[in-house]
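Asks: Here it is: the structure, laid out below.
The values are calculated or read from the model by the stated rules, or taken from the named source; none is laboratory data. Small disclaimer: the values here were computed from a predicted structure and weren't measured. Virtual Cβ from ideal backbone geometry, glycine too; neighbours counted across all protein chains shown.
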Amino acid sequence: MRIHILILSLSILFLNMNIFANDSAFGYWLTSASIVKIENCDNSLCATIQIVFVPEGVDPESVLDKNNRNKDLRSRTLMGLNLLEDFPVTDQMQTNFEGGKIYDPNSGRSYKSKIFLKENGDLRVEGCLAFVCDGEDWKALQVTISDDGSKHAVLKNASQKN
């Protein structure tokens, strides 16, 4: 009887450890400055900015790509902007992406990039200049859309300790 309880307890523990981990790079992600949605766009990874974090009273649509190296693009809004290019998608369950570029609105530059899903469900997004890479971990979000079109987001891994 004790063995059955132990096995059942361990099964529940392992299920709880993995239920919150993401198994795909696709979906909504919390970045340091925004919420992005990663999708398969014609067999290429894209990450469009859904929400830009701004101070209260500032319209997110008014935040422009003011640092873009191309002066003609500085008047476009960051909302809806795709941050990724040239990342081939070969499988919907793909967890590693290489060979593409990521656009950084803060610097106005694109960088060679690597993207991979970590064991804890975070998405590691790195930009590289020469041989030096830096990046951040994006947190998975569960987004629900109400009948009125409003969105509500919560961290997928909120009950998991990292």
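Asks: Suppose we keep only residues that are aliphatic (A, V, I, L, M) and surrounded by 17 or more Cβ atoms within 10 Å (Cβ to Cβ) within the stretch 120-142. Which one would you say is nearest to ASN82 (Cα to Cα)?
Replies: VAL125
Asks: So which residues in the stretch 64-111 are in contact with a strand residue (DSSP E or B) (Cβ under 9 Å, 6 or more places away or on another chain) and on the phi > 0 side of the Ramachandran plot?
Replies: GLY80, ASP86, GLY99
Asks: Check VAL125, VAL154 and return the single one that is at pLDDT 90 or above and within 12 Å of the chain's Cα centre (by Cα).
Replies: Checking each option against the conditions leaves just VAL125.
Asks: Name, by its number, the condition in (1) assigned to a strand (DSSP E or B); (2) acidic (Asp, Glu); (3) modelled with pLDDT under 95 that does not hold for ASP91.
Replies: Here ASP91 meets the rest and fails (1).
Asks: Suppose the filter is assigned to a loop (DSSP other than H, G, I, E, B), of a type outside the set (D, E, K, R) and under 30 Å from VAL58 (Cα atoms); does ASN106 pass it?
Replies: Taking the combined requirement at face value, the residue satisfies it.
Asks: Any idea which of VAL89, VAL54 is hydrophobic (A, V, I, L, M, F, W, C), over 24 Å from LYS151 (Cα atoms) and either touching a residue at least 40 places away in the same chain (Cβ under 8 Å) or touching a Pro at 6+ places or on another chain (Cβ under 9 Å) (or both)?
Replies: Residue meeting the stated conditions: VAL89.
Asks: If you go through the stretch 96-119 one residue at a time, how many are in contact (Cβ under 8 Å) with a residue 40 or more places away in the chain, surrounded by 15 or more Cβ atoms within 10 Å (Cβ to Cβ) and not hydrophobic (A, V, I, L, M, F, W, C)?
Replies: 4
Asks: Any idea which residue in the stretch 134-151 is farthest from THR95 (Cα to Cα), counting only those that are aliphatic (A, V, I, L, M) and modelled with pLDDT of 95 or more?
Replies: Only one residue tops the list, namely LEU141.
Asks: Could you count how many residues in the stretch 109-119 are modelled with pLDDT of 95 or more and farther than 16 Å from LEU84 by Cβ?
Replies: 1
To keep it simple, each residue is scored yes or no on (1) modelled with pLDDT of 95 or more; (2) surrounded by fewer than 16 Cβ atoms within 10 Å (Cβ to Cβ); (3) in a strand (DSSP E or B).
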| position | (1), (2), (3) |
| --- | --- |
| ALA21 | no, no, no |
| SER24 | no, yes, no |
| TRP29 | yes, no, yes |
| LYS37 | yes, no, yes |
| ALA47 | yes, no, yes |
| GLN50 | yes, no, yes |
| ASN68 | yes, no, no |
| ASP72 | yes, yes, no |
| GLY80 | yes, yes, no |
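Asks: Tell me whether the stretch 124-135 contains one or more residues that are part of a strand (DSSP E or B), out of contact with any Phe, Trp or Tyr (no Cβ under 6 Å at 6 or more places or on another chain) and of a type in the set (Lys, Arg).
Replies: no
Asks: Of these, SER150, SER146, which one is exposed (fewer than 14 other Cβ atoms within 10 Å of the Cβ), within 18 Å of PHE53 (Cα to Cα) and polar (S, T, N, Q)?
Replies: Residue meeting the stated conditions: SER150.
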